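Notes to accompany the following structure.
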Amino acid sequence: MISVLRIGHRPFRDKRITTHVALVARAFGADSIYIDTHDEKIEETIHAVCNRFGGNSSIQTGISANRIIKEWHGQIVHLTMYGETLSKAMSFLDRKQDLLIIVGAEKVPPQYYDFADINVSVGNQPHSEVAAVAVFLDRYTSQAWQEKTYDGDMKIIPSKHGKKVVSNDRSTQH
Ligand code: SAM
């Protein structure tokens, strides 16, 4: 079980990037997504994507980050450019345990560096929470996220040219 906890979400400023954190978490294999600030729009977007494309990733917004962390049974990773290198972190992590991945928005309060079993960097340059979640999950799952199958109304058939989508027993090509 893999969960992603997005802290410091500001609904007005971060709507798009937090939506992308949630979409990437879902697509790269996270089972649940927690966002500390209530945001109905992001919940609706993720539910709509799950309805159309399948999967059962859950999303909860407006939750207490401290409560999620306190009640977590498993390992906790905090993604930060100051953390341990990705390759060293991979050998530290026990894949048999549940994993909570914390990502920040602007300034991450210092206590989150202590809550984590390990602070992990995806390179030591500042970039983006979206990229950090994607690269971390790609490495953590050893790319197994790509093999995951979904049971939605729409299924995309990989295609060199154009768009091929299977939708409710109907195949459409564009
Ligand atoms: N200045 C902020 C701080 O004090 O941590 C970071 C802001 S950054 C735009 C937002 C989030 O992206 C961070 O909290 C972290 O989770 C993630 N992030 C950015 N660069 C990263 C990196 N190189 N490695 C891991 N995570 C990173």
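Once you keep just the Cα pairs under 8 angstrom separated by 6 or more residues, what percentage relative contact order results for the range 1-141?
So the answer I get is 31 percent.
Under 5 Å between amide hydrogens, which residues at least 5 positions from H38 or on another chain qualify, with H placed 1.01 Å from N in the peptide plane?
Those qualifying (amide H under 5 Å, at least 5 residues apart or on another chain) are G62.
If contacts are Cα pairs under 8 angstrom and at least 6 residues apart, what is the relative contact order of the range 63-174 in percent?
Reported relative contact order: 24 percent.
Please list, or write none, the lysines whose alpha carbon is within less than 29 Å of the alpha carbon of K163, excluding same-chain residues fewer than 8 places away.
Candidates past the 8-residue exclusion: K15, K41, K148, K155.
Going by Cα centres, the range 115-174 and the range 42-68 are how many Å apart?
16 Å
For a quick check: with amide H placed at 1.01 Å from N, whose amide H comes under 5 Å from T80's, ignoring anything fewer than 5 positions away on the same chain?
Answer set, sorted by chain and number: V120, S121, V122.
What residues qualify as long-range amide H neighbours of V4, i.e. H under 5 Å apart, gap of 5 or more or another chain, H built at 1.01 Å from N?
S32, I33, Y34, I101
Over the range 56-102, calculate the relative contact order: mean separation of alpha carbon pairs under 8 Å at least 6 apart, over the residue count, as a percent.
49 percent.
About its Cα centre, how strong a charge dipole does the range 99-154 have in debye, to the nearest 20, once Lys and Arg get +1 and Asp and Glu get -1 at the Cβ?
That gives a dipole near 200 debye.
Output ³J(HN,Hα) for the range 87-93: one whole-Hz value per residue in order, computed from phi by the Karplus curve 6.51 cos²θ - 1.76 cosθ + 1.60 with θ = phi - 60°, and x for Gly and Pro.
In residue order, the calculated couplings are 5, 5, 4, 4, 7, 7, 7 Hz.
For each of D98, D39, D153, D114, count neighbouring Cβ atoms within 10 Å of the residue's Cβ, then give the residues from fewest to most.
Listed from fewest to most nearby Cβ atoms, that is D114, D153, D98, D39.
Values quoted throughout were computed directly from the atomic coordinates according to the rules given, and no laboratory measurement underlies them. Nothing here was measured: the structure is a model prediction, and the numbers come from that model. Quick reminder, even Gly has a Cβ in these numbers, built from the backbone with ideal geometry, and neighbours come from all protein chains shown.
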